[in-house]
Amino acid sequence: MIEQPRMVKICDVVEESPGVKTFFFKSDLDFVPGQYIMVWIPLIDEKPFTISYIQKDIVGISVLKRGVFTHALHKKKAGDLIGIRGPYGKGFNLQANSNSCVVGGGIGMASLTTLVDRLTDATIIQGARTVSEIIYRKRFPGMKLCTEDGTAGFKGTTVDFLMELLNTQTYSKIYTCGPEKMMYKIVDLAKKQQIECEVSLDRYMKCGFGICGQCDCSGQRVCIDGPVFNTTELNKMEDFGKIDILKTGERVNIHNR
């Protein structure tokens, strides 16, 4: 039976950066970091979003403005209604050992925040093109920053920074979410260092319950088999980091996008 969206009232909106807003609402969710919810705006569409804040009965989703749906969501204010269903999918497997590294690229950092909240003394790395795109700076003051233009922290990518960090640091596990090209390189780097890795894979999802196959990655339906996958699972997924499926259903080379 397909779950119907339930309407919730937005209670607060916080601007995280010029392009990212977090929308808060009251809801009692049984949630594992890394899972997602489907968010519905009547007469427009329904899209998946990770939960970036959760405390008692207050939940938040952080949204990057980039398409018709997210532009409409960014116009919402406190008191407006949205529909939600979920949470869905497989979340992160929290490492009991606190010696972990968390690597977020762009809005992918939103998928890692609730994980960071449950880890102890994890190294947090966030990368962006420029300083204005960095999010959650006040929330995670010890976070290590990377910007491609050098306007904050390390000048370069998260992969470049992690490579340097691993010359002096050792980790029992690496968690990551961001552009798939970035995650592919991080997984490859982790393999060479014999470090277990988990990624939160972002693929185009339509249904959220494994029927349409739009989010397929080498036979894995990201919406229900993921979105979190570990190294062992990724080793069997030949499309990871190489082939994506567009909204039209066309298979394209990720490196040509």
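The values are calculated or read from the model by the stated rules, or taken from the named source; none is laboratory data. This structure is a prediction, so every number in the text was calculated from the model and none was measured. Note that we place each Cβ from the backbone using ideal geometry, even for glycine, and neighbour counts take in every protein chain shown. Ligands, DNA and RNA are excluded from the accessible area calculation, which covers all protein heavy atoms including side chains. Shrake-Rupley method; radii C 1.70, N 1.55, O 1.52, S 1.80 Å.
Just the residues that are assigned to a strand (DSSP E or B), in contact with a Ser or Thr (Cβ under 8 Å, 6 or more places away or on another chain) and farther than 12 Å from residue 74 by Cα, please, taken from segment 18-36. Across segment 18-36, the qualifying residue is only 36.
Could you tell me which residue of segment 207-253 is least open to solvent (accessible area, probe 1.4 Å), considering only residues that are closer than 19 Å to residue 190 by Cα and acidic (Asp, Glu)? Only one residue fits best here, namely 239. Within this structure, residue 132 passes the test of being among the small types (Gly, Ala, Ser) and surrounded by fewer than 15 Cβ atoms within 10 Å (Cβ to Cβ).
Please return the ranges of strands (runs of 3 or more DSSP E) entirely within segment 181-257 where 1 or more residues are among the acidic types (Asp, Glu).
196-200, 243-245
The rows are residues; the columns are (1) over 21 Å from residue 4 (Cα atoms); (2) in contact with a helix residue (DSSP H, G or I) (Cβ under 6 Å, 6 or more places away or on another chain); (3) not in a loop (DSSP other than H, G, I, E, B).
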position	(1), (2), (3)
46	no, no, yes
63	yes, yes, yes
82	no, no, yes
85	no, no, yes
93	yes, no, no
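No other residue among 94, 119, 115, 64 is closer than 25 Å to residue 222 by Cα and without any contact (Cβ under 8 Å) to a residue 40 or more places away in the chain apart from 119.
Residue by residue, here is whether (1) among the hydrophobic types (A, V, I, L, M, F, W, C); (2) touching a Leu at 6+ places or on another chain (Cβ under 8 Å); (3) open to solvent by less than 40 Å² (accessible area, probe 1.4 Å); (4) at pLDDT 95 or above holds:
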| site | (1), (2), (3), (4) |
| --- | --- |
| 83 | no, no, yes, yes |
| 93 | no, no, no, no |
| 96 | yes, no, no, no |
| 102 | yes, yes, yes, yes |
| 108 | no, no, yes, yes |
| 112 | yes, no, yes, yes |
| 118 | no, yes, no, no |
| 126 | no, yes, yes, yes |
